[in-house]
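Remarks on the structure that follows.
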Amino acid sequence: MITQTVPHQLHLAPRMARLGTETAFEVLAKAKALERQGKSIVHLEIGEPDFDTPANIVEAAATALHGGWTHYGPSAGLPELRQTIAEYISRSRNVDVTADEVVVVPGGKPIIFYAMLSLIDAGDEVIYPNPGFPIYESMIHYVGGTAVPIPLREERDFAVDPAELESLITDRTKLIIINSPQNPTGGILPRRDVEKIANAIGERNIMVLSDEIYSRLQFEGEPFSILSLPWMQDRTILLDGFSKTYAMTGWRMGYGVMRADLAAQFTRLMTNSNSCTASFTQRAGIAAITGDQSPVERMRLEFQHRSRFFVDGLNRIPGFRCRMPKGAFYVFPNVEQTGWRSKPLADALLDGAGIAALSGTAFGRFGEGFLRFSVANSMEQLEQALERIGRWAKENVR
Ligand SMILES: Cc1ncc(COP(=O)(O)O)c(C=O)c1O
């Protein structure tokens with residue numbers, strides 16, 4: 001019998017050192033800890049609608065639970081939901097999509113993960129927006145790919161510059177990620193830019209991951225998907241889902257739309273990792289897409305209203321300069337004139353003013369000089385946040 005043991009040393013696989021994170025969850029944890037110490041915090045850090053999931057969707061899930069939808073289902077998703085999504089995407093993106101081109105997964109994130117796992121090998125280059133959703137960069141590094149950031153600039157309203165993107169394409173470029181409306185900037189890709197990006201790709205053997213998770217939250221004009229360009233259909237992986245559109249972040253349900261041969265590979269990854277997305281939530285997903293869409297429109301208008309209010313308020317605070325976002329629920333002010341760098345500023349606002357916001361650098365190095373505020377909070381809270389930031393700036397901005 002062994003009586004003496006040395007402490008076991010954890011030897012992680014080297015790839016774990018390459019995995020990044022999403023700072024929003026860390027700031028949320030820190031803000032919650034401050035609250036436990038009795039501090040009052042206004043939460044503008046986390047990217048989720050503050051609305052409840054519409055009642056008809058909750059009802060459909062309850063009915064499904066009582067009706068026995070509690071078992072494993074097909075890895076690619078329930079056939080009825082895949083068909084419903086195929087019809088919705090065909091309608092909204094003006095293309096012909098069939099159910100075998102749809103894979104239902106637990107949230108939008110797995111589509112990013114599976115795109116990397118199935119397409120990117122060591123040394124393959126992936127072009128992605130920066131500042132951008134941090135999981136792109138994290139996943140590229142994790143699978144051993146080479147991350148090639150395309151800077152999003154304030155003076156272009158944070159839209160990708162197609163000419164600059166073209167200049168970054170090399171023989172090793174395997175995947176280009178685009179995201180519209182965009183997290184964290186609220187920028188969108190207008191149709192002419194989408195077409196230019198498609199033209200830049202041309203005949204090259206490059207896939208596009210088009211993250212359209214905020215597609216129903218665009219404030220003006222109709223969103224235009226690269227999937228709508230017929231010659232791009234077999235090169236595009238469209239990511240969309242239920243989290244933001246129907247305020248279903250905690251349900252964990254999203255989907256990818258892609259050529260059927262790639263969908264089969266994503267399905268194998270699902271079998272290996274999750275088996276399937278929860279069956280009763282998928283039944284609710286059918287109700288979400290086929291049911292009353294007025295709650296979606298109400299949320300969109302409310303986010304637009306709150307963004308306008310918050311942007312106007314920020315623009316009255318010394319050192320802050322902010323553009324009106326074109327979609328999603330984030331406000332991304334330039335804070336260079338405060339004299340503070342982004343991360344110390346975000347920390348100081350949390351500690352000194354009780355405002356939980358994210359440093360622009362949480363979204364990549366081109367986010368320096370900016371902060372991200374989520375406006376998925378009540379008008380009262382937003383008003384209070386503006387007042388606190390204003391007061392803090394009076395004392396701390398030269
Ligand atoms: C741009 C973008 N893509 C994907 C996701 C992931 O969404 P989900 O919660 O459905 O995994 C998010 C969530 O914040 C996002 O902002």
> Say we join alpha carbon atoms closer than 10 Å with springs in a Gaussian network model of the chain; which of GLY352, GLY187, GLY327 then has the biggest fluctuation?
Replying inline: GLY352
> What list do you get for GLU297, GLU48, GLU395, GLU137 if you sort them by fewest beta carbons within 10 Å?
Replying inline: GLU395, GLU297, GLU48, GLU137
>> Counting C-alpha atoms alone, how compact is region 126-242: give Rg to one decimal and Dmax as a whole number, in angstrom.
In response: 13.1, 38
>> Within 13 Å, Cβ to Cβ, of ASN205, how many net charges do the neighbouring residues add up to if Lys/Arg are +1 and Asp/Glu are -1?
In response: -1
>> Could you check the spin-label model distance between GLU380 and THR271? Points 7 Å from the Cα along Cα→Cβ, value in nm.
In response: 5.3 nm
> When the Debye formula is applied to the Cα atoms of the chain, each taken as the same point scatterer, what base-10 log of I(q)/I(0) results at q = 0.10, 0.13 Å⁻¹?
Replying inline: -0.68, -1.13
> Hey, in the GNM for the chain with a 10 angstrom Cα cutoff, which one of PRO54, PRO131, PRO110 fluctuates hardest?
Replying inline: PRO54
>> Looking at the chain as a GNM with Cα springs under 10 Å, which of ALA278, ALA264, ALA122 has the largest mean-square fluctuation?
In response: ALA122
> Can you pull the semi-axes for region 321-398, root of five times each eigenvalue of the Cα gyration tensor, sorted largest first, whole Å?
Replying inline: 17, 17, 11
>> Under the rule a/c < 1.5 gives rounded, and otherwise a/b versus b/c splits prolate from oblate, where does region 196-334 land using the Cα gyration tensor?
In response: oblate
>> Helix 279-290 against the longest principal axis of the chain: what's the angle in degrees, Cα atoms only, rounded to the nearest 10?
In response: 80 degrees
> Scaled to the compact-protein estimate 2.2 N^0.38 Å, what is the alpha-carbon radius of gyration of region 260-348, rounded to two decimal places?
Replying inline: 1.73
> What's the center-to-center distance, using Cα atoms, between region 34-62 and region 94-171 in Å?
Replying inline: 28 Å
> Under a straight-distance cross-link criterion of Cα-Cα below 12 Å, which aspartates and glutamates are reachable from LYS326, leaving out those fewer than 8 residues away in the same chain?
Replying inline: ASP157, GLU220, GLU222
>> Need the C-alpha centroid separation for region 234-298 versus region 200-230, integer Å.
In response: 17 Å
> Based only on Cα atoms, what Rg/Rh ratio does region 1-98 have, Rh being taken as Kirkwood's radius?
Replying inline: 1.16
>> From the convex hull of the Cα coordinates of region 26-65, what is the mean projected area in square nanometres?
In response: 4.3 nm²
> Given only helices, namely DSSP H runs of n ≥ 4 each adding -39500 (n - 2.57), what is the per-residue ellipticity at 222 nm of the chain, to the nearest 500 deg cm²/dmol?
Replying inline: -12000 deg cm²/dmol
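All of the numbers you see were taken from the coordinates with simple rules; none came from a lab. Only a predicted model underlies this, so the values are computations on that prediction, with no experimental measurement involved. Glycine gets a Cβ as well: all are built from the backbone with ideal geometry, and neighbour counts include every protein chain shown.
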